[in-house]
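In what follows, a single structure is set out as C-alpha cells and then discussed.
Readers should treat all values here as calculations from the given coordinates under stated rules, not as data from a laboratory. These figures come from a predicted structure and were not determined experimentally. When we count neighbours, we look across all protein chains shown, and the Cβ atoms used for this are built from the backbone with ideal geometry, even at glycine.
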Amino acid sequence: MKQVIFIIIFFPFVSVFSQYSLPGGVRGACVWEITEGTKAGEDQWKSNLNLKSILDTGLLIKGKNRTINNNPALFFSEGSNTINNTINLGKLESFSFFTVCQANDTLAERVILSIENDNSAEMVLTNQRMAALDVYRYASYNANMKLSPKIYSYIRNKSQNSDTISRRLKFGRPPRGQQLPVSAYSGLIPEVILFNRFISPKERQQVESYLALKYGISLNQELPASYLNSRGEIIWDAEMNASFSRNIAGIGRDDMSGLNQRVSESTQIPGVMKIGVLSGLKNNSFLIWGDNGGPLRFDDESGIRKLKREWKTSNYNFKSDLLNLETNELSLSEIDPLNEGEIYWLMVDNSGTGKYPFRQTRFIQSMPISSSEGYIRFDSVIFDTDQSGNDIFTLFAAPSFFARSIVLSPKCSSIKSGAIQTEIAGGLPPFRIILKGISNRSFQVSSVENKRDHIFENISQGTYNILVTDADQKVYTENILVSNTHVWETGLSQSYKLIEGESLILNASDGMPAVNYLYSWTTPDGSLVNNEEISIKEPGNYLLSVTDDNNCCSILEIDIRQTGKSNFKKVELFPNPVRGWFILRLSLERVADINVVISDMDGKILKQTLLENDRYYLYNDIIRQPGIYLITLVSEFEKKSLKLIVQ
C-alpha cells in the first residue's frame with residue numbers, strides 16, 4: 001500500500017536560506033504554507049515561516065471549512081481557485097518539495113501542480129504520475145483508487161544553471177500550451193513545503209513523518225519506514241512493529257514542527273479507530289498505533305467473540321493517562337454484530353504479545369450506543385499501565401457481566417495437573433465462584449473473591465460448569481471443556497454451519513498423522529459413534545475423543561450451528577432514496593461469491609460486479625441519473641432483489 005511518492009529528477013535553481021522554518025525539524029524551508037480556517041467560513045493558506053514567504057498566496061476560499069484528520073485543508077474546485085505567482089529564485093541549484101492532497105474523485109487524471117517558465121511547462125504532477133517535460137522523464141506510481149489523502153514528495157538536484165529563468169508554481173490547473181490528457185484538480189491541499197536544497201534521506205523521513213502523523217497517512221511500509229520526530233529520534237519502530245504496519249496513525253506534540261495532534265485516526269480507513277487525548281500533551285510526546293490488517297469481524301476464540309483486527313500502540317515519552325477511543329459500528333463487516341444481551345468491550349493486552357495472558361489483560365466496557373449515531377465509544381482509557389512502551393488491543397462482544405476462563409491442559413501422566421484461570425469483567429465484588437464437574441458430577445469447588453480473578457487447580461480432563469454471582473446477584477454461567485495435552489493437530493475446525501435439511505460429514509482422521517489413533521464421537525444426545533467419520537444431521541455440541549498409542553485420550557469440542565437454506569443473512573441498502581453514492585452491506589451465512597447486477601426498470605443491465613470468497617461484503621457505487629433501479633444479488637442458486645430510488 002503506497003502512500004508516499006518520492007521522485008528524484010534534476011533541475012537548476014538558486015539558493016535561499018531560512019534558519020527559522022523547521023517542518024519536521026528540517027532547516028532550509030523557503031515556502032511553508034498551512035491552511036488556516038476562520039469563523040467566517042473562509043479558508044486560506046498562511047505562511048508558517050518567521051519571514052515573508054516567497055510564495056505569498058493571499059488566497060481566500062469562501063465556503064464551508066474542510067478538514068483532513070481535524071486539520072483545516074484548502075479546497076480546490078475544478079480549477080476555479082488557482083495559485084499562479086512567479087517564483088523568481090535565480091540560480092537555486094536544487095530543491096525539495098512536499099505536499100498533501102486528497103482528491104474528490106477517481107474519474108480522471110487531475111493536475112495537482114505544475115512548474116512553468118515563460119515558454120512552457122517544465123514539470124507536471126498529477127494524482128497518477130509525474131512528468132518532467134523539460135528532460136523527458138516520467139514516473140508513474142500505483143494510483144491508490146481510494147479517496148484517501150496522500151503525501152507527494154518531489155526532489156530535484158542539478159549543477160548551477162548560468163541562466164536566470166523566471167518560473168511559476170501553479171496549483172490545480174493544467175499547464176499552458178501543453179496538450180495533456182489531464183483535467184483540473186478537485187479536492188483538498190492542506191499544506192505545501194518547499195526547501196531550497198536537496199535534503200538527506202533522514203531529513204525527508206522527518207518531514208514525511210510530521211505530515212503522516214498530522215494528516216493520518218501511513219508511510220509506505222513495503223520497505224519498513226520508521227517514524228521520526230523533529231530531533232531525528234525513532235518514535236515508531238517499523239521493524240519492531242512489522243506485524244502492525246497497516247493504517248498507522250498517532251497523536252503527539254512536537255513544538256519544533258508545530259505539531260499538536262490531540263485527536264487522530266487513519267484517514268485511509270476513516271471511522272474504524274479514532275483516539276483522542278483528554279488533557280494536554282507535553283512537547284516531544286507521542287502515542288502511535290497500527291493494525292494487523294485483520295478482518296473487521298468477530299470470531300469465537302476460547303468462548304469470546306473477538307475481533308480479528310488488532311491494534312498495537314507504541315508509547316514515546318507519552319505521559320497522558322486518559323484517552324477516548326471511537327469506532328463507527330458501520331465499519332464492522334457484520335450487520336448487527338451483537339448477539340442478544342451482548343455489549344462491546346475493549347480488551348487490552350499489557351504484555352504486548354497478543355496472547356492476552358491471565359492477569360495481564362484489561363477489560364473496558366463501552367459507553368451506551370446512541371441509535372442515531374452508531375458509534376462505539378470507550379472513555380477514560382489508560383494505555384501502557386506497566387510502562388513497557390507497548391500494548392495490543394482489540395474489540396470483543398460479551399455480556400455486561402462475564403468471566404473469561406483460560407484452560408491449562410493436564411498431562412496424561414498426571415491426570416490432575418490441569419488448571420482453569422478465571423477473570424471476571426463487569427459486576428460488583430465480592431464474587432462467588434462455583435466450579436462443578438459435568439462429566440464428573442462428584443467434583444465441586446467454590447470460592448468468594450473480592451479481586452477479579454481466581455485459579456482452580458488439580459483439574460483433570462472433562463467438562464465443567466462455572467457459575468459466577470456478583471454482589472448484585474447478577475449471574476454468569478458457562479460450560480468449559482478441559483482436554484489433555486496432545487501433540488497432534490486435527491484438520492477439523494471448532495465450529496461448522498449445518499444447512500437446514502442437509503447433512504454434514506466430518507472425518508477426524510483428515511490431516512492427522514498416519515498412525516493408529518482411535519476415534520470416538522459423542523453426539524449432543526449422549527450417543528457414541530466409534531468411528532473416525534460421522535454424518536451430522538442435527539445441530540449442537542459434538543465431542544471428538546482421540547486416543548493415541550500411549551493410551552492418552554484428548555477431547556475436542558465442535559460446535560454445529562444450523563442455518564436456513566437461504567445464504568442471505570442480512571442485507572442493507574442505504575441511503576435510499578439517494579443522490580449519488582450508495583452503500584450495499586451484505587452478511588451471509590457461509591462463504592460464497594455474490595454477483596451484483598444493477599439494471600433499470602426496463603431490464604437493461606447497467607453494471608455487473610462479482611464479489612468473491614467472503615461472508616461479509618461492503619459495496620459502494622454511484623448512479624447519477626434520477627430514476628428507479630433494480631439491484632439483484634445472485635449467490636449460488638439464490639437471487640435477492642432491491643429497489644433503489646435515485647433523486
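What FRET efficiency comes out for Asn516 versus Met367 if R0 is 51 angstrom and r is the Cβ-Cβ distance? Round to the nearest 0.05.
Values: r = 56 Å, r/R0 = 1.11.
FRET efficiency, Asn516 to Met367: 0.35.
So if R0 is 51 Å, what FRET efficiency would Asp472 and Ile605 give, r being the distance between their Cβ atoms, rounded to the nearest 0.05?
0.30
In square nanometres and to one decimal, what's the mean projected area of the convex hull around the Cα atoms of segment 465-536?
It is 7.7 nm².
Residues in segment 585-602, backbone N under 11 Å from the label point at Phe637 (7 Å along the Cα-to-beta-carbon vector): list them, ranges by number please.
No residues fall inside that zone.
Where does the chain land at 222 nm, in deg cm²/dmol rounded to the nearest 500, when only DSSP H runs of n ≥ 4 count, each adding -39500 (n - 2.57), divided by all residues?
-1000 deg cm²/dmol
Among Cys553, Leu498, Gly526, whose Cα projects farthest towards the positive end of the dipole of segment 495-563, with charges put on the beta-carbon of Lys, Arg (+1) and Asp, Glu (-1)?
The one lying farthest along the dipole's positive direction is Leu498.
Please label the shape of segment 402-482 as rounded, prolate or oblate, based on the square roots a ≥ b ≥ c of the eigenvalues of the alpha-carbon gyration tensor (a/c under 1.5 means rounded; beyond that, a/b larger than b/c means prolate, else oblate).
Working: a/c = 2.38, a/b = 1.92, b/c = 1.24.
Prolate.
With unit charges on the beta carbons (Lys and Arg positive, Asp and Glu negative) and the dipole taken about the Cα centre of the chain, which residue among Asn576, Tyr617, Gly252 sits farthest to the positive side?
Of the candidates, Gly252 comes out farthest on the positive side.
What list do you get for Val515, Val468 if you sort them by fewest beta carbons within 10 Å?
If I rank by nearby Cβ atoms, fewest first, I get Val515, Val468.
Which length gain, in nm to one decimal place, applies between Leu408 and Glu572 when the Cα-Cα distance is subtracted from 0.36 nm times their residue separation?
Details: separation 164, 0.36 × 164 = 59.04 nm, distance 4.28 nm.
Length gained between Leu408 and Glu572: 54.8 nm.
Kindly put Arg173, Arg168 in sequence by how many other C-beta atoms sit within 10 Å of each C-beta, fewest to most.
Ranked by crowding around the Cβ, least crowded first: Arg168, Arg173.
What list of ³J(HN,Hα) values in whole Hz, one per residue of segment 436-442 in order, does the Karplus curve 6.51 cos²θ - 1.76 cosθ + 1.60 (θ = phi - 60°) give from phi, with Gly and Pro shown as x?
Taking θ as phi minus 60°, the curve returns 10, x, 9, 6, 10, 5, 7 Hz for segment 436-442.
For the chain, just give the cysteines left without a disulfide-compatible partner, judged by no other Cys Cβ under 4.7 Å.
For the chain, the answer is Cys30, Cys101, Cys553, because their Cβ atoms have no other cysteine Cβ under 4.7 Å.
Using only C-alpha atoms and all pairs of different ones, pull out the Kirkwood radius for segment 343-388 in Å with one decimal.
12.0
Is the shape of segment 342-419 best called rounded, prolate or oblate, per the rule: a/c under 1.5 gives rounded, else a/b larger than b/c gives prolate, else oblate, with a ≥ b ≥ c the square roots of the Cα gyration tensor eigenvalues?
Oblate is the answer for segment 342-419, as a/c is 1.5 or above yet b/c matches or exceeds a/b.
To the nearest 20 debye, what charge dipole does segment 565-647 have about its Cα centre, counting +1 at the Cβ of each Lys and Arg and -1 at the Cβ of each Asp and Glu? Numbers along the way, then the final one.
On the way: 13 positive and 10 negative charges, 48 e Å.
My answer is approximately 220 debye.
Give the long-range amide H neighbours of Ser183: residues separated by 5 or more places, or on another chain, with amide H under 5 Å away, using H modelled in the peptide plane at 1.01 Å from N.
Under 5 Å from the amide H of Ser183 lie the amide H atoms of Glu109, Arg110, Val111, each far enough along the sequence or on another chain.
Obtain the nm distance between the two label points defined at Thr385 and Glu239 by a simple spin-label model: each point lies 7 Å from its Cα along the Cα-to-C-beta direction.
3.3
Given the Cα atoms of segment 173-232, and with Rh set as the inverse mean 1/r over their pairs in the Kirkwood sense, what is Rg to Rh to two decimals?
Values: Rg = 15.6 Å, Rh = 14.3 Å.
Rg/Rh: 1.09.
Return the sequence-ordered ³J(HN,Hα) values of segment 622-634 in whole Hz as given by the Karplus equation 6.51 cos²θ - 1.76 cosθ + 1.60 applied to θ = phi - 60°, using x for Gly and Pro.
In residue order, the calculated couplings are 9, 10, 8, 7, x, x, 10, 10, 10, 10, 10, 9, 10 Hz.
Ranked by Cβ crowding within 10 angstrom, fewest neighbours first, how are Val31, Val263, Val475, Val182 ordered?
So the residues, fewest neighbours to most, are Val475, Val263, Val182, Val31.
Output needed for the chain: three equivalent-ellipsoid semi-axes, defined as square roots of 5 times the C-alpha gyration tensor eigenvalues, in descending order, whole Å.
55, 31, 23
Which one of Ser94, Tyr316, Ser333 is farthest out on the positive end of the charge dipole of the chain, using unit charges on Cβ (Lys, Arg +1; Asp, Glu -1) and the Cα centre as origin?
So the residue furthest toward the plus end is Ser94.
Taking the Cα centre of the chain as origin, sum charge times position over the Cβ atoms of Lys and Arg (+1) and Asp and Glu (-1), and report the length of that vector in debye to the nearest 20.
Rounded to the nearest 20 debye, it is 2040 debye.
Using bins 10 angstrom wide from zero, how does P(r) for segment 226-398 break down, in % of all Cα pairs?
P(r) over segment 226-398, rounded to whole percents: 10, 40, 36, 12, 2, 0.
Per 0.36 nm of contour for each residue apart, how much would the distance between Ser509 and Thr67 grow if the chain were fully extended, relative to their Cα-Cα spacing?
153.3 nm
Non-local amide H neighbours of Leu606 (under 5 Å, H modeled in plane, Pro and chain starts lacking H): which ones?
Ile598, Ser599, Asp600
Restricting things to alpha carbons, tell me how big segment 441-580 is in terms of Rg and Dmax, in Å.
Spelled out, the Cα radius of gyration and Dmax of segment 441-580 are 20.7, 69 Å.
In square nanometres and to one decimal, what's the mean projected area of the convex hull around the Cα atoms of segment 527-647?
Working: hull surface 41.0 nm².
Reported value for the Cα convex hull: 10.3 nm².
Using unit Cβ charges (K, R positive; D, E negative) and no other charged atoms, how large, in debye to the nearest 20, is the dipole of segment 495-563 about its Cα centre?
On the way: 3 positive and 11 negative charges, 23 e Å.
My answer is approximately 100 debye.
Roughly what percent of Cα-Cα pairs across segment 364-407 reach past 13 Å?
71
Apply 1/(1 + (r/R0)^6) to the Cβ-Cβ distance of Ile415 and Asn328, taking R0 = 56 Å, and write down the FRET efficiency to the nearest 0.05.
0.65
What does the extension gain come out to for Asn595 and Cys553, with contour length at 0.36 nm per residue minus their alpha carbon separation?
Gain in length upon complete extension: 10.4 nm.
Counting only Cα atoms, I'd like the Rg/Rh figure for segment 197-312, Kirkwood definition for Rh.
1.02
Could you order peptides 573-579, 542-548 by the average number of other Cβ atoms within 10 Å of their residues, highest first?
542-548, 573-579
Please list the radius of gyration and Dmax for segment 495-563, considering alpha-carbon atoms only, with Å as the unit.
12.4, 40
Taking a 25 Å limit on the Cα-Cα distance, which of the listed pairs Lys355/Lys411; Lys497/Lys640; Lys537/Lys640 fall beyond it?
Over 25 Å apart, Cα to Cα: Lys537/Lys640.
Working from Cα positions, state the angle (0 to 90°, nearest 10) between the long axis of helix 201-215 and the longest principal axis of the chain.
It works out to around 70 degrees.
Beyond 16 Å, what share of the Cα-Cα pairs of segment 252-336 remains, rounded to the nearest whole percent?
The calculated P(r) of segment 252-336 puts 59 percent of pairs beyond 16 Å.
Roughly how many nanometres apart are two label points built 7 Å out from the Cα toward the Cβ at Asn613 and Asn479?
Once both label points are built, they end up 3.5 nm from each other.
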